[in-house]
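All remarks here apply to the structure that follows.
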Amino acid sequence: SGTSDMKKYWVNEVKDKVGETVELFGWVNVRRDHGKIIFIDLRDRSGIVQLVFTPKDGELYKLAESLRPEFVVSVKGEVVVRPKGMENEDIETGKVEVKVADMKILAESETPPFPLDTPGHEIDEELRLKFRYLDLRRERLKKNLILRHKVNKFIRDYLHARGFIEIETPILTKSTPEGARDYVVPSRIQQGKFYALPQSPQQYKQLLMVAGVERYFQLPRCFRDEDTRGDRQPEFTQLDLEMSFTDKEEILNLTESLYTEMVKAVAPEKKITKIPFPRLTYKEVTEKYGTDKPDLREDKNDPNELAFLFVVDFPMFEKKDDGSIGATHHPFTSPKDEKGNLITRDSIEWMKKEPLKVLAEQYDFVLNGYEIAGGSIRIHDPEVLSAVFEVLGHDKKDIEKKFGHMLTAFKYGVPPHGGIAPGIDRFVSILANEPNIREVIAFPKTGDARDPMMDSPSEIDKGQLEELGLQIKKKK
């Protein structure tokens, strides 16, 4: 890039380029007029550098006078050492400045609707989300996105080195009862039929185990049409991980090692309370702490303390408000008897008679009082899976309709398998000391699932509705 004697750099790279002529691109952060000299703080993703213009620069000086915050410019100039006593310790490039020889205004900017040089917590969130592309220019949010990128990259490298293959699974899938409400998508071609957006890739990852992949992962988007509560998002990202020929011990050890190494690499200032991570049963934590996700930090005021915990041995089934039996986790979780033995074809009848005594080979991963992952060893025997669906009140016809594809697949040699799915948004928000997950998502929705920037969800026109064979009926 640039001419043979000209190099294009990130702003923060110029600190080591004294005497070199460089080409830089970015936004005007601040303009300061000191007597006759004009100083411009030029900002790009990497940081800030000071540009200098003097009246003897002629036309260039006049151009500098026209600059306003957030104008986009390109500059060429020599990197020089700042005069003694004029250094700025607060920025990485604080010992140097660029004596500009040439500048172009690439785009002008209106005055932003809010300041961009503060952390931004003091600004109305609805307004920040409406102008999210400006909000993301602030230092705090830029750091959050970079931290998230580092977390994702660490996960990919770590799992690749351990024989995992990253595989993407479909976003348009089938609506099945898995817990939360599905987002549904009407089919134009198959009128009257609907796809669902995946609450998780649960069935696909199990089918990949049937396919002989053995070690799979991805960082999928998951969708749940839940009632608005706290800082939940209708779409979120998780690390989805599944292994064949494994057991609970191996999965928990892998998870512990991944998170210990990741914290060391991406957030070395953080201190993990206890390694190995404590493991407590569901019964122990609920009796001792009154919750299944206790905060085990020694000092809850220390933002750099991370207290990880595995909670194991959950009940497999629970009684719902209407008296029916529901799955505590999901129906693919391996059930166990009270002694911890996995349910086999021989013990199916006991499970049907005593559903509330059945335990699950399920585990939650907790951090600082938040559940950041759930996982389980899965059922790989189609007869046991059918029995679990029966306990949950599905009749044979219903099971065949909703899960026939799984039961068919399970007739063709299924390895024992299991996995875990940690949430990325929550983990990054804790690392970044952010109050909610919206602060670590590039384009989040509001608490009531709206996007003020795109103005979505929005109505669609009559023609689209007709094409889909849909009619809007207002709820009474």
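The values are calculated or read from the model by the stated rules, or taken from the named source; none is laboratory data. It should be emphasised that the depicted structure is a prediction, and the values quoted were computed from it without experimental measurement. Virtual Cβ from ideal backbone geometry, glycine too; neighbours counted across all protein chains shown. Just so you know, the surface numbers come from the protein's heavy atoms only, side chains and all, with ligands and any DNA or RNA stripped out. Shrake-Rupley method; radii C 1.70, N 1.55, O 1.52, S 1.80 Å.
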**Prompt:** Out of the stretch 436-457, which residues are at pLDDT below 95 and among the polar types (S, T, N, Q)?
**Reply:** N436, T446
**Prompt:** What about G404, is it surrounded by 13 or more Cβ atoms within 10 Å (Cβ to Cβ) and either outside any loop (DSSP other than H, G, I, E, B) or not acidic (D, E) (or both)?
**Reply:** no
**Asked** From the list K271, K283, K288, which one is of a type in the set (K, R), open to solvent by 80 Å² or more (accessible area, probe 1.4 Å), within 28 Å of P435 (Cβ to Cβ) and touching a residue at least 24 places away in the same chain (Cβ under 8 Å)?
**Response** K271
**Asked** Somewhere in the stretch 195-215, is a residue at pLDDT below 95 and surrounded by fewer than 16 Cβ atoms within 10 Å (Cβ to Cβ)?
**Response** no
**Complete:** If we ask which residues in the stretch 352-370 are surrounded by fewer than 17 Cβ atoms within 10 Å (Cβ to Cβ) and touching a helix residue (DSSP H, G or I) at 6+ places or on another chain (Cβ under 9 Å), their number turns out to be 3
**Request:** Could you name every one of the strands (runs of 3 or more DSSP E) located completely within the stretch 282-372 that has at least 2 residues being modelled with pLDDT of 95 or more?
**Result:** 308-315, 359-367
**Prompt:** Can you pull out the strands (runs of 3 or more DSSP E) entirely within the stretch 8-60 that have at least 1 residues that are among the hydroxyl-bearing types (S, T, Y) and surrounded by 13 or more Cβ atoms within 10 Å (Cβ to Cβ)?
**Reply:** 21-34
**Request:** May I ask you to list pairs of residues, at least six apart or on different chains, whose Cβ atoms are under 7 Å apart, with the first in the stretch 458-476 being in contact (Cβ under 8 Å) with a residue 24 or more places away in the chain and the second being open to solvent by 100 Å² or more (accessible area, probe 1.4 Å)?
**Result:** E467/R188; L468/R188; G469/Q191
**Prompt:** From N152, N144, which residue is within 30 Å of R221 (Cα to Cα) and either assigned to a loop (DSSP other than H, G, I, E, B) or open to solvent by less than 30 Å² (accessible area, probe 1.4 Å) (or both)?
**Reply:** N144
**Message:** Suppose we keep only residues that are in contact with a Leu (Cβ under 7 Å, 6 or more places away or on another chain) and part of a loop (DSSP other than H, G, I, E, B) within the stretch 201-243. Which one would you say is farthest from H380 (Cα to Cα)?
**Reply:** L219
**Message:** Every residue in the stretch 69-108 that is polar (S, T, N, Q), part of a loop (DSSP other than H, G, I, E, B) and open to solvent by less than 40 Å² (accessible area, probe 1.4 Å), please.
**Reply:** T93
**Asked** Of the residues that make up the stretch 423-432, is at least one outside any loop (DSSP other than H, G, I, E, B), among the acidic types (D, E), closer than 26 Å to Q203 by Cβ and touching a strand residue (DSSP E or B) at 6+ places or on another chain (Cβ under 9 Å)?
**Response** yes
**Prompt:** Taking the condition within 20 Å of V210 (Cα to Cα) and buried (at least 17 other Cβ atoms within 10 Å of the Cβ), does F427 pass?
**Reply:** no
